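Working notes, structure below.
The values are calculated or read from the model by the stated rules, or taken from the named source; none is laboratory data. Note that the structure is predicted; figures quoted are calculated from it, not measured. Neighbour counts run over all protein chains shown; Cβ positions are idealised from the backbone, glycine included. Ligands, DNA and RNA are stripped out before the accessible areas are found, and what is left, the full protein with its side chains, is counted by its heavy atoms. Shrake-Rupley method; radii C 1.70, N 1.55, O 1.52, S 1.80 Å.
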Amino acid sequence: TKIQIDGQDISATSIDLFPYHLGSHQINIKIFDLAGNQTAITVPFYIITSIPGMIADIKRLYFEKQITKASTKNEFVEELNSLQQYIERFGNRQDKTLSKYQERLAKCDKRKKHAADCRESVKKLYERQAYALNKVYAKIVADRLADLLKDLEKYYPKKWLTPKAYEMIKEELIYLKNNL
């Protein structure tokens, strides 16, 4: 068996994707039998991140001494945890809004007259509210990620993290900001 990721040979049976950049990659697998027969497959895959994934990466970077100051690691982890909690609260709020929307639609359906007009009115109201909430949500999350990027730019010249940690954290923050 011969395995390659992005053209580089891999000798392990499990692959740690931690050192790879976010984005598109390829894994190539060639299998040979004793008679010399072979088969090959190429599978494209994408490496993405999330806030929990980024927290794990920051903790690993600290463990590997790529982040050299505990308070730097702690600040990033605390802010990312807080941001994750905000996102979860927002999701819960959206669920409640959707539930109220469905209740209002059910009330419209019970009407004998003008049910269609009622449904249309409720739908427009819900769409306006959802649009406004989503805009506010996206702005808050983007601003908080931008603040983390500013912090990163302050910490790097102080050598509180290595170039590897700086590049990885920056890449992940930009990815999260671009994929709200």
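List of remarks:
- Failed condition for I48, given (1) open to solvent by less than 70 Å² (accessible area, probe 1.4 Å); (2) within 30 Å of L161 (Cβ to Cβ): (1)
- So E64, is it of a type in the set (D, E), loosely packed, with under 13 Cβ neighbours inside 10 Å and within 30 Å of L17 (Cβ to Cβ): yes
- Among the numbered conditions (1) at pLDDT 90 or above; (2) surrounded by 14 or more Cβ atoms within 10 Å (Cβ to Cβ); (3) more than 23 Å from I58 (Cβ to Cβ), the only one that R119 does not meet is (1).
- So L145, is it touching a residue at least 60 places away in the same chain (Cβ under 8 Å), farther than 18 Å from K59 by Cβ and among the hydrophobic types (A, V, I, L, M, F, W, C): yes
- With respect to the conditions (1) open to solvent by 80 Å² or more (accessible area, probe 1.4 Å); (2) more than 20 Å from Y166 (Cβ to Cβ), H21 falls short on a single one, namely (2).
- Of all the residues in the stretch 122-180, those that are out of contact with any helix residue (DSSP H, G or I) (no Cβ under 7 Å at 6 or more places or on another chain) and not in a helix (DSSP H, G or I) number 3.
- Residue in the stretch 105-114 that is among the basic types (K, R), farther than 30 Å from L173 by Cα, surrounded by fewer than 11 Cβ atoms within 10 Å (Cβ to Cβ) and modelled with pLDDT of 90 or more present: no
- Pair list, Cβ under 7 Å, 6 or more apart: the stretch 10-39 residue on the phi > 0 side of the Ramachandran plot, other residue open to solvent by less than 60 Å² (accessible area, probe 1.4 Å): G23/I47
- Subset of the stretch 148-172 (residues that are farther than 12 Å from I67 by Cβ and surrounded by 13 or more Cβ atoms within 10 Å (Cβ to Cβ)): L148, L149, D151, E167, K170, E171, E172
- Selected residue [of a type in the set (S, T, N, Q) and loosely packed, with under 11 Cβ neighbours inside 10 Å] from N92, N74: N92
- Considering (1) more than 20 Å from the chain's Cα centre (by Cα); (2) of a type outside the set (D, E, K, R); (3) exposed (fewer than 13 other Cβ atoms within 10 Å of the Cβ), the lone condition that N179 does not fulfil carries the number (1).
- Inter-residue pairs, beta-carbon under 7 Å, first touching a residue at least 12 places away in the same chain (Cβ under 8 Å) and in the stretch 97-119, second β-branched (V, I, T) and part of a helix (DSSP H, G or I), 6+ apart: Y101/V122; R104/V122; L105/V122; C108/V122
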